[in-house]
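S.K.: This is the structure I have questions about; it appears just below.
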Amino acid sequence: MRDATPGTIHLKDYQPPGYLVNRTELHFLLGEEDTIVTSKLHLLRNTEGSSSGELELDGQDLELVEIRLDGEILEADRYELREASLLLRDLPEQCLLSCVTRIQPQLNTSLEGLYRSQTMFCTQCEAEGFRKITYYLDRPDVMSVFTVTIDADASRYPVLLSNGNLEETTLLPSGDTRVVWHDPFPKPSYLFALVAGQLEHVEDSFVTCSGRDVTLRIYVEEKDIDKCGHAMDSLQRSMRWDEERFGREYDLDIFNVVAVDDFNMGAMENKSLNIFNTSCVLCDPDTTTDVGYQRVEAIVAHEYFHNWSGNRVTCRDWFQLSLKEGFTVFRDAEFSSDMGSRTVKRVEDVTLLRSAQFAEDAGPMAHPVRPESYIEINNFYTLTVYEKGAEVVRMIHTLLGPDAFRAGSDLYFERHDGQAVTCEDFVLAMEEASGKDLSQFRNWYSQAGTPRLAVSESWDEDAGAYTLSVAQSCPPTPGQAEKKPFVIPLGIGLLGDAGNLRLQLEGEEPDPELEDNTHTVLMVDQQQQDFVFTGLPEKPVPSLLRGFSAPVRLDFDYSREDLCRLMSGDDDGFVRWDSAQTLAVGVIAEVQQQLASGGEPVVDPLFLQASIQLLQDPSLDPAMLAEMLTLPSENYLAELAGEGAADVDAIHSARRAVQAAVGGHCAQALEQRYRELRVEEAYAASGAQIAARSLRATCLTYLAAAGERGLELAQEQFSAADNITERLSALRVLSHFGKRADWEQPMEQFYKDWGHETLAVNQWLALQATMPDDAAVARVRHLMEHPDFDIRNPNKVRSLVGTFAGQNPVNFHRADGTGYRLLRQIVAELNAINPQIASRLLAPLTKWRYYSGRADLMRAELEQLAALDGLSPDVFEVVSKSLK
Ligand code: B3K
Ligand code: ZN
């Protein structure tokens, strides 16, 4: 909590630590009222740090019971207790510092440090939670070998876990059990973990490429023991994939995963003891949707991959967060692409990037992939650091090619194993292994904002020459008015009447070796560049930004006919989807104008025809077709409208009108696909079944937008479904397009049937939070009083309030301001309970500059938050930067 204005931490002020902690011995006495933590830190002065004997250990909300130096009690005048640290002076070069602290995990609602989740103890230390456990050099560049002893009442806490290997289990005279865990790999404190509770586990194994047998365990509450199969399979697949694709072998004999209900994010990669939010590990057809199954696979993989990209090689400081997160997201995206459909995965990632990361990059919290300053590091676990960071790694992969990229990755891991390093070290390894110069490319790490490419064409019929002129720019972001040009790999092809044309760039020798010369990647590295293609038989349609080769916005003035050609005929799956999106954006904008001038909406027949053609194209994978038919989201349309111009009601009505027109025009084809794709077999989270259900849900949405038939089919689907995916997609259609009489009974029925399953209830809350009807705000308030709602549980808060603010634009942005007020009130309450969640929840209010006619209302709520007593640094940072 804040007394004075929280300070800003700057990358430029980085200093190596004055001391290193060679070994860390921790002893925990877990109790119901108090937990006593005794630490023994084997300290050694750092030759690279400043040479004074001064040491400032981080510590927060701790009660210091005793402190000793080399066995002798330290008198109070030998140290200074500060608000968030313990200062020691005149320390020898080498010493043993022991501290006894008392903490109360049962009162820790921030879910950072050691805390209680239901009946168990668990930890979350990244980024700076360890300092809530004991005084320590709580920074990632201090790596230490940990030995952890836990004493606890075995009847309450039969399972006692920490990192590394279990060395000893003893029964103490007090009746408590004592366990000792030792982790041989030096690690920073943020990777420390402890779990104690009444847990069951499933066990399997994995034989590594060098033949070592690894025991794999997933610990859960007894009631969830049947929901671990998918996560276990995903873990084994991830381990194999990381060996094959990145040459990374697992390094201990045991790998544990624990599921906890109260968790601030998805999961945490603590060394050999990953802790997961239950929502990101448990899977069952009645509680987990298809998307949920895919997410579990991706998150299990992500956390596992951190064992190398994050744990063995970690970050020097938190400004380097993307070093581990961007790289690991890139790795998990590659894994998911290899496990399923590469194009669909790419489309999903781009959808997230465009609708949310681009908005972040255009908002008051915009920051580079490697930020230069922060007030609260927890505010920087962002889409920019994760998703844009992964795009930056992907561009390096594109620029180097797969082999040189792998060589760079091998070099990086080999050179820096056991070290805490920087993004610069990663780029250097990539440069050295490939011989490529990435000097200018580094701008992606230091400059915020989404670059814009304005592309135009000219055609010289006589010469058969086609010129693409590319201009790049990047809007100003906080603290960065001017930007230097980026290196932007621009994947392209040229589409002719009979398919993609052979490419010959002026001034380049034709490459006879090249089998596929219909695709190339242009290097855009200046503000303005021309690329001339020669020897063309006809004026082509350019297929631009293939595979979404760079995280940029691209403008090209396509005719609708050309977009239809790309949509049906281009070789690149991403461009096919993107052309459908661009077409839809134009059609929706046109309808929005018609409605604004009081006219009847007329949807371009070309668009309706294109939709029919897509539906009848047997060559398209149903999952891809579902993506192509899905209209751009209201959030994305608002983002495209730009600052001061987003009119959520008009966007909603126009999008609805287009849905209804497509649904009406294509009714027969939609119903036919809907019927054909019905899955007869029992539920399986297989690619084929997931694709079928996804396209069926898309068809059902259009049919319901157009009239009663869709609602009838949705009622049937709801009753017949053997899985939550189809139950929820039916309920969504009924509650978004039907009348109260259509959805009320099934909504109640769902709760009657699945009210005992927390994860199902969370999705039921989330669905109701998205309903576009007039009663939405009242409904959300009512559900906040529901016995299943708990403000202390982040999953509940995210499901109900986060979903409302983020995915119900017409109601969040109501002209009467009640949506904003609701969010402000819960953020104010959460500020005192769980600042991390409070600050995250706040994001939709920070976009006030976008919403026409609403900016004052939104600002007023932010101002009220700014005036709150005891504002946490987390909320303070977001509110103050948003109001600037
Ligand atoms: N590294 C954690 C995130 C920690 C967030 C702390 N506020 C999970 C992940 O990215 O894998
Ligand atoms: Zn991560």
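The values are calculated or read from the model by the stated rules, or taken from the named source; none is laboratory data. On a predicted model such as this, the values are computed, not experimentally measured, just so you know. Every residue, glycine as well, gets a Cβ built from its backbone with ideal geometry; the counts of neighbours run over all protein chains shown.
S.K.: Looking only at residues that are of a type in the set (A, V, I, L, M, F, W, C) and in a loop (DSSP other than H, G, I, E, B) in the stretch 468-499, which one is farthest from Val575 (Cα to Cα)?
M.R.: Step one: filter the stretch 468-499 for residues of a type in the set (A, V, I, L, M, F, W, C), giving 468, 470-471, 474, 481, 486-488, 490, 492, 494-495, 498.
So of that shortlist, the ones also in a loop (DSSP other than H, G, I, E, B) come out as 474, 481, 486-487, 498.
Numbers: Cys474: 23, Ala481: 32, Phe486: 22, Val487: 21, Ala498: 17 Å.
Of everything passing the filter in the stretch 468-499, Ala481 is farthest from Val575 (Cα to Cα).
S.K.: Considering the stretch 279-307 alone, what residues qualify as being more than 13 Å from ligand 1 (Cβ to nearest atom), under 29 Å from Arg406 (Cα atoms) and among the hydrophobic types (A, V, I, L, M, F, W, C)?
M.R.: Val296
S.K.: Between Ser373, Ser341, which is under 20 Å from Arg442 (Cα atoms) and either within 15 Å of ligand 1 (Cβ to nearest atom) or more than 14 Å from the chain's Cα centre (by Cα) (or both)? Reasoning before the result, please.
M.R.: On the way: Ser341 fails: under 20 Å from Arg442 (Cα atoms).
When all the criteria are applied, what remains is Ser373.
S.K.: Another question about this same structure. Residue check: is Val291 β-branched (Val, Ile, Thr), under 16 Å from the mean Cα position of the chain (by Cα), more than 12 Å from ligand 2 (Cβ to nearest atom) and modelled with pLDDT of 95 or more?
M.R.: Values: β-branched (Val, Ile, Thr): yes; under 16 Å from the mean Cα position of the chain (by Cα): yes; more than 12 Å from ligand 2 (Cβ to nearest atom): yes; modelled with pLDDT of 95 or more: yes.
Against the criterion (β-branched (Val, Ile, Thr), under 16 Å from the mean Cα position of the chain (by Cα), more than 12 Å from ligand 2 (Cβ to nearest atom) and modelled with pLDDT of 95 or more), Val291 qualifies.
S.K.: I would also like to ask the following. Mind telling me which of the residues Val258, Val296, Val300 ends up being touching a Gly at 6+ places or on another chain (Cβ under 9 Å) and either of a type in the set (Val, Ile, Thr) or under 22 Å from Arg693 (Cβ atoms) (or both)? First the steps, then the outcome.
M.R.: Details: Val296 fails: touching a Gly at 6+ places or on another chain (Cβ under 9 Å); Val300 fails: touching a Gly at 6+ places or on another chain (Cβ under 9 Å).
One residue alone meets the criteria, Val258.
S.K.: How many residues are under 22 Å from the mean Cα position of the chain (by Cα), away from ligand 2 (no atom under 16 Å from the Cβ) and either within 21 Å of Tyr19 (Cα to Cα) or part of a loop (DSSP other than H, G, I, E, B) (or both) when one looks only at the stretch 93-127?
M.R.: 3
S.K.: How many of the residues in the stretch 285-311 are among the charged types (D, E, K, R) and touching a strand residue (DSSP E or B) at 6+ places or on another chain (Cβ under 7 Å)? Before the answer, list the steps.
M.R.: Of the stretch 285-311, the ones among the charged types (D, E, K, R) are 286, 290, 295, 297, 303.
Filter again for touching a strand residue (DSSP E or B) at 6+ places or on another chain (Cβ under 7 Å), leaving 303.
Selection size over the stretch 285-311: 1.
S.K.: Right, another one. How many residues does the stretch 42-72 contain that are in a strand (DSSP E or B), under 35 Å from the mean Cα position of the chain (by Cα) and not acidic (Asp, Glu)?
M.R.: Number satisfying all stated conditions: 1.
S.K.: Can you find even one residue in the stretch 9-29 that is charged (D, E, K, R), under 25 Å from Phe146 (Cβ atoms) and out of contact with any Phe, Trp or Tyr (no Cβ under 9 Å at 6 or more places or on another chain)? Can you show your working first?
M.R.: Let us first name the residues in the stretch 9-29 that are charged (D, E, K, R), namely 12-13, 23, 25.
Now drop any that are not under 25 Å from Phe146 (Cβ atoms), which leaves 23, 25.
Next, only the ones that are out of contact with any Phe, Trp or Tyr (no Cβ under 9 Å at 6 or more places or on another chain) stay: none.
Within the stretch 9-29, none of the residues are charged (D, E, K, R), under 25 Å from Phe146 (Cβ atoms) and out of contact with any Phe, Trp or Tyr (no Cβ under 9 Å at 6 or more places or on another chain).
S.K.: Quick one: Glu297 ticks every box in (1) of a type in the set (D, E, K, R); (2) away from ligand 2 (no atom under 16 Å from the Cβ); (3) under 18 Å from the mean Cα position of the chain (by Cα) bar one, so which box is it?
M.R.: (2)
S.K.: Have a look at Ser98, Ser110 and point out the one that is crowded, with 18+ Cβ neighbours inside 10 Å, in contact with a Lys or Arg (Cβ under 9 Å, 6 or more places away or on another chain), touching a residue at least 60 places away in the same chain (Cβ under 8 Å) and more than 30 Å from Asn795 (Cα to Cα). Quick ask: steps written out before the conclusion?
M.R.: Values: Ser110 fails: more than 30 Å from Asn795 (Cα to Cα).
Checking each option against the conditions leaves just Ser98.
S.K.: Another question, if that's okay. Could you list, in sequence order, the residues of the stretch 700-723 that are closer than 18 Å to Glu748 by Cβ and surrounded by 15 or more Cβ atoms within 10 Å (Cβ to Cβ)?
M.R.: Scanning the stretch 700-723 gives Leu711, Ala714, Gln715, Gln717, Phe718, Ala721.
S.K.: Something else now. Given the criterion farther than 30 Å from Arg840 by Cβ and in a helix (DSSP H, G or I), identify the matching residue among Arg240, Arg295. Outline the logic, then answer.
M.R.: Details: Arg295 fails: farther than 30 Å from Arg840 by Cβ.
Answer to the selection: Arg240.
S.K.: Right, here's the next one. Filter the stretch 793-817 down to residues that are charged (D, E, K, R), outside any helix (DSSP H, G or I) and closer than 14 Å to Asn762 by Cβ, then give me how many there are.
M.R.: First pass over the stretch 793-817, keeping only residues charged (D, E, K, R): 796, 798, 814, 816.
Right, trim to outside any helix (DSSP H, G or I) and you get 814, 816.
If we keep only those that are closer than 14 Å to Asn762 by Cβ too, we end up with none.
Summing the residues that are charged (D, E, K, R), outside any helix (DSSP H, G or I) and closer than 14 Å to Asn762 by Cβ in the stretch 793-817 gives 0.
S.K.: Give the number of residues within the stretch 774-829 that are farther than 25 Å from Gly853 by Cα and basic (Lys, Arg). Spell out the reasoning first.
M.R.: Keep residues of the stretch 774-829 that are farther than 25 Å from Gly853 by Cα, which gives 782-800, 829.
Right, trim to basic (Lys, Arg) and you get 792, 796, 798.
The qualifying residues number 3.
S.K.: While we're here: Before we move on, is Phe121 under 30 Å from Asn793 (Cα atoms) and within 16 Å of ligand 1 (Cβ to nearest atom)?
M.R.: Details: under 30 Å from Asn793 (Cα atoms): yes; within 16 Å of ligand 1 (Cβ to nearest atom): no.
Spelling it out, it is not the case that Phe121 is under 30 Å from Asn793 (Cα atoms) and within 16 Å of ligand 1 (Cβ to nearest atom).
S.K.: In addition: I need every pair where a residue in the stretch 364-378 that is more than 19 Å from Leu883 (Cα to Cα) has its Cβ under 7 Å from the Cβ of a residue that is hydroxyl-bearing (Ser, Thr, Tyr) and within 16 Å of ligand 2 (Cβ to nearest atom), sequence separation at least 6 or different chains.
M.R.: Listed pairs, sorted by first residue: Val369/Ser322; Val369/Thr384; Arg370/Ser322.
S.K.: Sort out which residues of the stretch 314-333 are surrounded by 21 or more Cβ atoms within 10 Å (Cβ to Cβ) and more than 14 Å from ligand 1 (Cβ to nearest atom), and write them in order of number. Show your work before the answer.
M.R.: Residues of the stretch 314-333 surrounded by 21 or more Cβ atoms within 10 Å (Cβ to Cβ): 314-315, 318-333.
Correct list: Phe319 only.
S.K.: Spot the failing condition for Asp773; the list is (1) in a helix (DSSP H, G or I); (2) in contact with a helix residue (DSSP H, G or I) (Cβ under 9 Å, 6 or more places away or on another chain), and only one is missed.
M.R.: Asp773 satisfies every listed condition except (1).
S.K.: Here is a further query. Within the stretch 760-769, identify whether any single residue is out of contact with any Lys or Arg (no Cβ under 7 Å at 6 or more places or on another chain), assigned to a loop (DSSP other than H, G, I, E, B) and either farther than 30 Å from Tyr115 by Cβ or not basic (Lys, Arg) (or both), and answer yes or no.
M.R.: no
S.K.: Having 3 or more residues that are touching a Phe, Trp or Tyr at 6+ places or on another chain (Cβ under 9 Å) is the bar; report the helices (runs of 4 or more DSSP H) wholly within the stretch 553-659 that clear it.
M.R.: 560-569, 573-596, 622-629, 634-641
S.K.: Same structure, new question: Considering only the stretch 844-871, state which residues are closer than 30 Å to Gln106 by Cβ and either touching a residue at least 12 places away in the same chain (Cβ under 8 Å) or part of a helix (DSSP H, G or I) (or both).
M.R.: Within the stretch 844-871, the first condition is being closer than 30 Å to Gln106 by Cβ, and the residues that meet it are 865, 868-871.
Within the stretch 844-871, Leu865, Leu868, Gly870, Leu871 meet the criteria.
S.K.: What single numbered condition from (1) within 15 Å of ligand 2 (Cβ to nearest atom); (2) in a loop (DSSP other than H, G, I, E, B); (3) surrounded by fewer than 24 Cβ atoms within 10 Å (Cβ to Cβ) fails to hold for Asn270?
M.R.: (3)
S.K.: Something else now. Taking the residues in the stretch 254-273 that are within 9 Å of ligand 1 (Cβ to nearest atom) and in contact with an Asp or Glu (Cβ under 8 Å, 6 or more places away or on another chain) as candidates, determine which candidate is nearest to Lys187 (Cα to Cα).
M.R.: The residue in question is Glu269.
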